[in-house]
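Some notes on the structure that comes next.
Where a number appears in this text, it was derived from the coordinates with a stated rule and is not lab data. Just so it is clear, the model here is predicted, and its values are computed rather than measured. Ideal geometry is used to build each Cβ from the backbone, glycine not excepted, and the neighbour counts take in all protein chains shown.
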Amino acid sequence: MTDITLFHNPRCGTSRNVLALIRHAGFEPRVVEYLKTPPTRDEVRALAAATGQPLRALLREKEAAFTALGLADPALGDDALLDAIAQHPVLLNRPIVVTPLGTALCRPSEAVLALLPVGRLAPFTKEDGEVVHDDGRRRG
């Protein structure tokens, strides 16, 4: 069995599509509804490191708390960003997927395909009717 974890918000269409794509590939991921069970500071730091992106790349800039807390200020370090995410888990962008092939913020939803340890998948239709065609390219 392949270990896949999805940091998920069921109210987010992109996150729902990623979950559906993972299941379309034949996997049942461990789903972490991060608004109910927020990751720890160390987990968030580790997720950012695993993506190869700075922590700031995992922030959801569209949230009101982002502006209210002045998080656009580039002078703010990781500790300040981690404090903000701990206080307002909605600031963590989603969906984040962890698989044996890597970790990524999967926006757009079809970005998850590169992380799935399977061959080329049949076409998949998103909630909005858009059809996703898998090119078969995977990380690794």
| Which GluC sites (Glu not before Pro) in segment 32-140 pass both tests, a DSSP loop state and at most 11 other beta-carbon atoms within 10 Å? | Glu61, Glu127
| message | How much of the DSSP bridge set in the chain is antiparallel, in percent, rounded to the nearest 5? | response | 70 percent
| request: Compute the distance in nm between two label points, each set 7 Å from the Cα along the Cα-to-Cβ direction, one at Ala122 and one at Arg23. | output: 1.6 nm
| Helix-only mean residue ellipticity at 222 nm for the chain, each DSSP H run of n ≥ 4 adding -39500 (n - 2.57), per residue, nearest 500 | -8000 deg cm²/dmol
| Exactly which trypsin sites (Lys or Arg not before Pro) in segment 1-100 are in a DSSP loop and have at most 11 other Cβ atoms within 10 Å? | Arg11, Lys36, Lys62
| query | Taking only Cα atoms, what is the 0 to 90° angle, nearest 10, from helix 13-24's long axis to the longest principal axis of the chain? | reply | 40 degrees
| How far, in degrees from 0 to 90, does helix 78-87 lean away from the longest principal axis of the Cα atoms of the chain, to the nearest 10? | 80 degrees
| task | Could you work out how far helix 41-51 tilts from the main Cα principal axis of the chain, as a 0 to 90 degree angle to the nearest 10? | result | 50 degrees
| note | Cα-only Rg/Rh for the chain with Kirkwood Rh rounds to 0.98
| query | Can you list the trypsin sites (Lys or Arg not before Pro) in segment 71-140 that are in a DSSP coil and have 15 or fewer other beta carbons within 10 angstrom? | reply | Arg120, Arg137, Arg139
